[in-house]
1. Amide H of R55: which non-local residues (sequence gap of 5 or more, or other chain) have their own amide H closer than 5 Å, using H built in the peptide plane?
2. Taking only C-alpha pairs under 8 Å that are 6+ residues apart, what is the relative contact order of the chain in percent?
3. Of all DSSP beta bridges located in the stretch 3-294, what percent are antiparallel, nearest 5?
4. I need the phi-derived Karplus couplings for the stretch 219-236: 6.51 cos²θ - 1.76 cosθ + 1.60, θ = phi - 60°, integer Hz, Gly and Pro marked x.
5. Starting from the Kirkwood radius over alpha-carbon pairs of the chain, derive D by Stokes-Einstein at 25 °C in a medium of 0.890 mPa s and give it in µm² s⁻¹.
6. Gain in length, S97 to Q159, computed as 0.36 nm per residue apart minus the alpha-carbon separation, to one decimal in nm?
7. Would you mind ranking D160, D263 so that the residue whose beta carbon has the fewest other beta carbons within 10 Å leads the list?
8. Please list, in order, the residues from the stretch 267-301 whose amide nitrogen is less than 18 Å from a point placed 7 Å along the Cα→Cβ vector of F170.
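Please treat every number below as a calculation from the coordinates, not as lab data. Because the structure is predicted, anything quoted here is derived from the model rather than measured. Positions of Cβ are generated from backbone atoms using ideal geometry, with glycine treated the same way; all protein chains shown enter the neighbour counts.
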Amino acid sequence: MCSGILQERDKALNQFHDSSDDRVVCLALATDDHYTLPTAVTIKSVLTHLHPSYRLEAAILADRVSATNRRLLEDTLSDERVSLQWIDLPTDLGLASYPMSSPLNKEHSPTVWADLYLGDLLPASWRRVIYMDSDMLALGDLSQLFQSDLGGNMVGAVQDDPVPIVSAEFGIRPWRQLGFAAEDPYFNSGILMVDLLKWRAKEVVAAAGSYLARFGDVLTQYDQEVLNVVCHGDWSPLEKKWNVTGWWNYPERRVGPYSDIHDEVMVFHFAGKTKPWKASSPTSPFVEGYRATAQMTAWKRWQISEPTRPSV
């Protein structure tokens, strides 16, 4: 383990308690400077809906976040129920060396690969953590998710909608070479319930590196694809309500057991290129809820724009 990782984890240890405390929810997100406001909105929404008897311990894996944006995020989350820790991503992680070419979305930054390092960077005392992307809006109490039974598996996740199985288009192209079955399920990594003890034992970073060395040139889904490979056969399906995407905005898809899915959402995920902070985003109750939450942040004069140009 590199020295930068050890230093950041030691700093986190001094801030946080043991996650075995049954009234604490441990949460982690990764952000660069451009996504600090969306990150603040996501965490603010989690806190707003968290059961009042719970405290939130939030770790932010930070990639060169400015002092101004740190202050604004800290002011947004100034609450006695929140412990916030910045964990700066060590430069020797080499995130910029990870593949960044994808046929699906070219707007990502190397920070998307930070989730591979949860076991290395988060406090050793943490036994489990909810990991979230920074384009999500919590609409329900995440303490329920934090207590999920993972059935002895390393990760809990929601099966993806447009890519439900590994052999689907934009799934895992080398699924045959890996010995997977065509119908093996594929998850969306936007929100993960992680058993950190198992994650560390799995040596996720090394396993990811092995896959990328063999198949990095045919990668389609960045860290999500890699995690589906590393976690194959070692993840439990979560209820759809924990990661509802815009895929369900089409009424013809909301049928049968999913006819009321928009009424059951616990976390909405603005996956893909359509983001609620962009003026081009179609309006919906979820977009409106996101923008209302943004107005609760310390970015008081926030306006619909790009995350690279927040109004401060």
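1. V24, V25
2. Working: 545 pairs, mean separation 68.7, N = 312.
The value is 22 percent.
3. Working: 13 of 36 bridges.
Restricted to the stretch 3-294, the bridges split so that about 35 percent are antiparallel.
4. Taking θ as phi minus 60°, the curve returns 5, 10, 10, 6, 5, 4, 5, 4, 5, 5, 6, 5, 8, 4, x, 9, 9, 10 Hz for the stretch 219-236.
5. On the way: Rh = 19.8 Å.
Estimated via Stokes-Einstein, D reaches 124 µm²/s.
6. Details: separation 62, 0.36 × 62 = 22.32 nm, distance 2.85 nm.
That works out to 19.5 nm of additional length.
7. Values: D160 24, D263 8.
By the 10 Å Cβ count, ascending: D263, D160.
8. Zone members listed by number: 269-276, 281-282.
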